Ligand code: SF4
């Protein structure tokens with residue numbers, strides 16, 4: 001239900017009803033909370049790119065580990081987050097007698113399978129598997145792992161220079177990339193490819209993120225001030241923030257309520273609060289409440 005925080009100065013503070021956790025993240029957090037009721041649980045990497053939510057789950061006992069920790073562990077229970085993991089992680093778990101609680105998002109699992117199948121059915125001497133995504137991002141590492149590390153990751157338009165245009169190209173995308181940027185990459189490759197070389201692309205961008213781009217622009221445009229709430233490491237946070245900025249230059253990125261500058265609140269009659277798929281609703285509510293309090297109490 002949409003919630004407006006109106007206060008005595010008649011300012012409106014609204015939380016974007018379409019912002020907040022996507023189902024992949026909800027699923028991972030629910031699995032973690034259910035397992036924590038039964039005892040100790042480790043999570044490989046931050047469960048979500050939001051330190052406030054990571055801290056909340058830490059107080060419940062969720063311990064974040066990295067891949068080196070996993071190598072050294074024996075006989076523990078480890079949750080794999082929504083981003084997914086390469087096959088080598090499952091192999092380490094098997095060798096170390098580690099019980100995996102697999103919270104990989106079904107959308108990511110499907111993409112991993114698609115890439116793995118393509119890799120297994122093409123000749124690496126004559127073709128390249130290319131992933132449009134953020135180099136080093138956990139999801140991308142999981143995708144590259146499906147190709148025994150052979151896939152080429154391109155992050156920017158200029159990166160297509162490293163492709164061999166005499167070989168077939170099979171292009172996929174990390175689930176949280178911008179559809180517009182993906183289309184630009186497709187167009188650039190199409191312009192360079194010449195028959196009989198084959199170019200095949202799969203738009204594997206998650207619509208849970210892509211569909212938010214338009215709605216977040218509309219939300220940002222109708223407010224005088226926008227506070228975009230996201231953690232630094234959030235990939236879709238960066239994409240959604242840029243959509244907000246296109247629609248409303250008076251947009252500020254914050255990660256928690258303490259980062260609100262009271263001066264921002266002086267003149268706007270309406271304040272919109274929105275965030276990434278890794279931004280918890282409770283955090284946006286805390287920020288809305290702080291805005292209402294500051295607007296009511298500050299002398300500006
Ligand atoms: S953004 Fe999409 S693919 Fe990624 S975790 Fe959420 S639902 Fe899954």
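Is the shape of the stretch 134-246 best called rounded, prolate or oblate, per the rule: a/c under 1.5 gives rounded, else a/b larger than b/c gives prolate, else oblate, with a ≥ b ≥ c the square roots of the Cα gyration tensor eigenvalues? Write down the numbers at each step before the final one.
Numbers: a/c = 2.77, a/b = 1.84, b/c = 1.51.
Cα axes put the stretch 134-246 in the prolate bin.
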Relative contact order [Cα under 8 Å, 6+ residues apart], the stretch 167-218, whole percent: 54 percent
Mean Cβ neighbour count within 10 Å, used as a protection proxy, ranking 260-269, 226-235 highest first: 226-235, 260-269
The chain: calculated mean residue ellipticity at 222 nm from DSSP helix runs of at least 4, using -39500 (n - 2.57): -12500 deg cm²/dmol
Simple spin-label estimate for residue 266 and residue 162 in nanometres, 7 Å along Cα-Cβ: 4.7 nm
Amide N proximity, the stretch 66-108 versus residue 207 label position 7 Å along Cα-to-Cβ, cut-off under 16 Å: 106-108
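What does the highest-first list of 96-104, 68-76, 201-209 look like by mean Cβ count within 10 Å? Walk me through the numbers on the way to the answer.
Numbers: 96-104: 16.2, 68-76: 12.0, 201-209: 18.2.
Highest mean packing first, the order is 201-209, 96-104, 68-76.
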Listed peptides 167-178, 37-48 by packing density, highest first (mean Cβ within 10 Å): 167-178, 37-48
C-alpha long axis of helix 207-221 to longest principal axis of the chain, angle in °: 30 degrees
Cα gyration tensor shape for the stretch 236-300, rounded if a/c is under 1.5, else prolate or oblate: oblate
Three-way shape call for the chain based on the alpha-carbon gyration tensor, with the a/c threshold at 1.5: oblate
Chain lengthening between residue 148 and residue 23 when straightened (0.36 nm per residue, less Cα-Cα): 42.1 nm
GNM result for the chain, Cα springs below 10 Å: residue of 63, 217, 162 fluctuating most strongly: 162
For the stretch 1-151: relative contact order, % (alpha-carbon pairs under 8 angstrom, 6 or more apart): 20 percent
The stretch 53-156 - convex hull of the alpha-carbon atoms, volume per residue in Å³: 120 Å³
Folded to 0 to 90 degrees: helix 179-192 orientation relative to the chain principal axis, Cα: 30 degrees
For the stretch 239-257 versus the stretch 110-181, the gap between their alpha-carbon centres in whole angstrom: 29 Å
Top of 55, 123, 224 by mean-square fluctuation, Gaussian network on the chain, Cα under 10 Å: 123
Helix 23-36 vs. the chain, principal-axis angle (Cα, 0 to 90°, nearest 10): 90 degrees
Selected from 280, 196, 87 as most flexible by GNM, with the chain as the system and alpha-carbon contacts under 10 Å: 196
Relative contact order (%) - the chain, alpha-carbon pairs under 8 angstrom, separation at least six: 23 percent
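Values in this text are rule-based calculations from the coordinates and carry no lab data. These numbers come from a predicted model, not from an experiment. Positions of Cβ are generated from backbone atoms using ideal geometry, with glycine treated the same way; all protein chains shown enter the neighbour counts.
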